[in-house]
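> Take a look at the following structure, please.
What follows is calculated from the coordinates using simple rules that are stated; it is not laboratory data. Computed from a predicted model, the values in this text were never measured in an experiment. Here Cβ is always computed from backbone atoms with ideal geometry, including for glycine, and neighbour counts include all displayed protein chains.
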Amino acid sequence: MWPELRELFVRDLGKLIAELEAYPDDASVWRVRGDIVNPAGTLALHLIGNLSQFVAADLGGVPFVRDREAEFARRDVPRAELIAGLREVSARVVAGLDGLDEARLDEVSARQLPGFPEGMTTRYFLIHLYGHLNWHLGQVDYHRRMLD
């Protein structure tokens, strides 16, 4: 379908896994400081839900039921569980993108979300989702280094 984008998602989900592995312990993944209210664990759960819903389920037809509230409410999930979830979402993203017909990229997205342009294409939305992953990847990197 779009092999370059698939490779970028896989690469950067791998970087997110490496960031989580670099924390000294499970508790530090959930530590907050100052105005930082979404620790690395929350961001990982959010990305698992976000990518599972929008790339895997909506675009690729891979079954998934999202609980967005839980992404921001859960705490103290072990790193091993977060990492397993990220590996799983990476496989879901690959399956979702591989199952997407390239002709759909320039179609108007079936999902119209607040704050997005009317007539947003699937290609536009996928680029947004990749940027969203990287925004949170940078936040996790900053969070981890801030706690060092």
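> Does anyone have the angle between helix 79-98 and the longest principal axis of the chain? Alpha-carbon axes, 0 to 90°, nearest 10?
That helix lies at roughly 10 degrees to the long axis.
> Then there is this: Please rank THR122, THR42, fewest neighbouring Cβ atoms within 10 Å first, as an exposure proxy.
With the fewest neighbours first, THR122, THR42 line up as THR122, THR42.
> Using the number of other C-beta atoms within 10 angstrom as an exposure proxy, rank GLU88, GLU69 with the fewest first.
GLU69, GLU88
> Under 12 Å from the Cβ of THR122, count the other residues' Cβ atoms, weight Lys and Arg +1, Asp and Glu -1, and hand me the total.
-2
> Excluding ALA110 itself, calculate the net charge of residues whose Cβ lies under 11 Å from the Cβ of ALA110, where each Lys or Arg counts +1 and each Asp or Glu counts -1.
Neighbour charge sum, excluding ALA110 itself: 0.
> Between ASP26 and ALA95, with labels modelled 7 Å along Cα→Cβ, what's the label distance in nm to one decimal, could you check?
In this crude label model, ASP26 to ALA95 measures out at 2.7 nm.
> Given R₀ = 22 Å, what would the calculated FRET efficiency be for VAL37 paired with GLU88, taking r from the Cβ atoms and rounding to 0.05?
Between VAL37 and GLU88 the formula returns 0.25.
> Sticking with this one: Which order do TYR124, TYR23, TYR142 fall in if you start with the one that has the fewest other Cβ atoms within 10 Å?
TYR142, TYR124, TYR23
> Averaging over all projection directions, find the projected area of the Cα convex hull of the stretch 1-117 and quote it in nm² with one decimal place.
That works out to 8.1 nm².
> Between HIS46 and TYR124, what FRET efficiency comes out of the Förster formula 1/(1 + (r/R0)^6) with R0 = 22 Å and r the beta carbon distance, rounded to 0.05?
0.55
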